[in-house]
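The values are calculated or read from the model by the stated rules, or taken from the named source; none is laboratory data. What you see is a predicted model; the values in this text were computed from it and never measured. FYI the Cβ positions are ideal-geometry reconstructions off the backbone, even for glycines, and counts take in every protein chain you see. Keep in mind that these areas ignore ligands, DNA and RNA; they rest on the heavy atoms of the full protein, side chains included. Shrake-Rupley method; radii C 1.70, N 1.55, O 1.52, S 1.80 Å.
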Amino acid sequence: MTLAFVFPGQGSQSVGMGKDLYDNFKVAKEVFEEVDEAVSFKLSTLMFEGDMADLTKTTNAQPAIMATSIAALKVIETETGKKINDLASFVAGHSLGEYGALCAAQALSVFDTAKLLKARGEYMQVAGTKNPGAMAAVLGLSLKEVNTLVSNSSSETAKCFIANDNCPGQIVISGHIEAIDKATLLAPEMGAKKCVKLPVAGGFHSPLMEEAALQMKEELSKTNLINPIIPVISNVTAEAETDANKIKNLLVAQVTDSVRWTESISYMQMKGVTDFIECGNGKVLTGLIKRISPDARLF
């Protein structure tokens, strides 16, 4: 058995997440308190008993999802008496989940991870306002077919791109509103089961986020990010990365690049991973991995 921990991204949030960990484990409570301090307000109160609309705001959802993931991991480490590098061979995270993976691998402190994600959420939100965009989930087409779809939906002035290759038959596209609207009309003609616009505040993981990427470069240059103690799979390369400087550059690229989740899971399996533990709120990644690899053991 070879194990990997995976960390979810935006969309996995729900009111009440992490409260059972906070109430029952001192080590988890300490994580939430550190995140509250880093973001300069009681994010934990919003998470445990707040309004779902407020929690879903990008600036709140990003550090909140990470906090729940790291609290869960700290409990696993405490209860087993083992560190993550004794338990697993790799860590990986979907979009903002990559920051959770880096924190889990001790490349970033909890405090710095929360600060980075709050900033990342703010920058992405502002970029989405300045450069209006949209995203849509395409169901039932192959990656090759979606590449054709984005090409046929783009013009000189309005372009769309593949944002997330989540699993076979579920690919998210992102870009200018006009191009995404065109894609939602063309996709069914190409045989898609469905193409639905997502309730997001911008064209994330596309060149529309260029300004946010530059701001994250500045933010990361001031952050102490060290070599992880366990290989982290990058969303951008879909391969294991262990060099802190390269990881910083990849985190900048990640803002505008596609999340190569299908390839990331396939890479880990090629390296011998048989078991995946989704560390955080909900089961979004478990569902995706089941589609990528029906024989993987999922927890």
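Across region 172-202, the number of residues qualifying as open to solvent by less than 10 Å² (accessible area, probe 1.4 Å), closer than 18 Å to Pro132 by Cα and touching a Cys at 6+ places or on another chain (Cβ under 8 Å) comes to 6. Within region 216-228, the residues that satisfy the criterion of being free of Cβ contacts under 8 Å to residues at least 40 places away in the same chain and not in a loop (DSSP other than H, G, I, E, B) are Lys217, Glu218, Ser221.
Going by what's in this entry, would Ala183 be described as part of a loop (DSSP other than H, G, I, E, B) and farther than 27 Å from Ala104 by Cβ? No: the conditions fail for Ala183. In summary, helices (runs of 4 or more DSSP H) completely within region 1-115 and bearing 1 or more residues that are open to solvent by 20 Å² or more (accessible area, probe 1.4 Å), out of contact with any Gly (no Cβ under 7 Å at 6 or more places or on another chain) and modelled with pLDDT of 95 or more occur at 19-24, 26-39, 43-49, 58-80, 84-87. Restricting attention to region 186-203, the residues that are part of a loop (DSSP other than H, G, I, E, B) and touching a strand residue (DSSP E or B) at 6+ places or on another chain (Cβ under 6 Å) total 6.
Regarding region 144-159, can at least one residue be identified that is in a helix (DSSP H, G or I), open to solvent by 70 Å² or more (accessible area, probe 1.4 Å) and without any contact (Cβ under 8 Å) to a residue 12 or more places away in the chain? There is at least one residue in region 144-159 that is in a helix (DSSP H, G or I), open to solvent by 70 Å² or more (accessible area, probe 1.4 Å) and without any contact (Cβ under 8 Å) to a residue 12 or more places away in the chain. Close contacts from region 68-82, counting a first residue that is touching a residue at least 60 places away in the same chain (Cβ under 8 Å) and a second that is among the polar types (S, T, N, Q) and open to solvent by less than 70 Å² (accessible area, probe 1.4 Å), with Cβ to Cβ under 6 Å and a gap of 6+ residues or different chains, come to Thr68/Asn281. List every residue pair whose Cβ atoms sit under 9 Å apart, with the two residues 6 or more apart in sequence or on different chains, where the first one lies in region 126-140 and is closer than 19 Å to Leu185 by Cβ and the second, anywhere, is crowded, with 17+ Cβ neighbours inside 10 Å and of a type in the set (Ser, Thr, Tyr). Sorted first by the residue in region 126-140, then by its partner, the pairs are Gly133/Ser174; Gly133/Ser206; Ala134/Ser174; Met135/Ser174; Met135/Ser206; Ala136/Ser174; Ala136/Thr184; Val138/Thr184.
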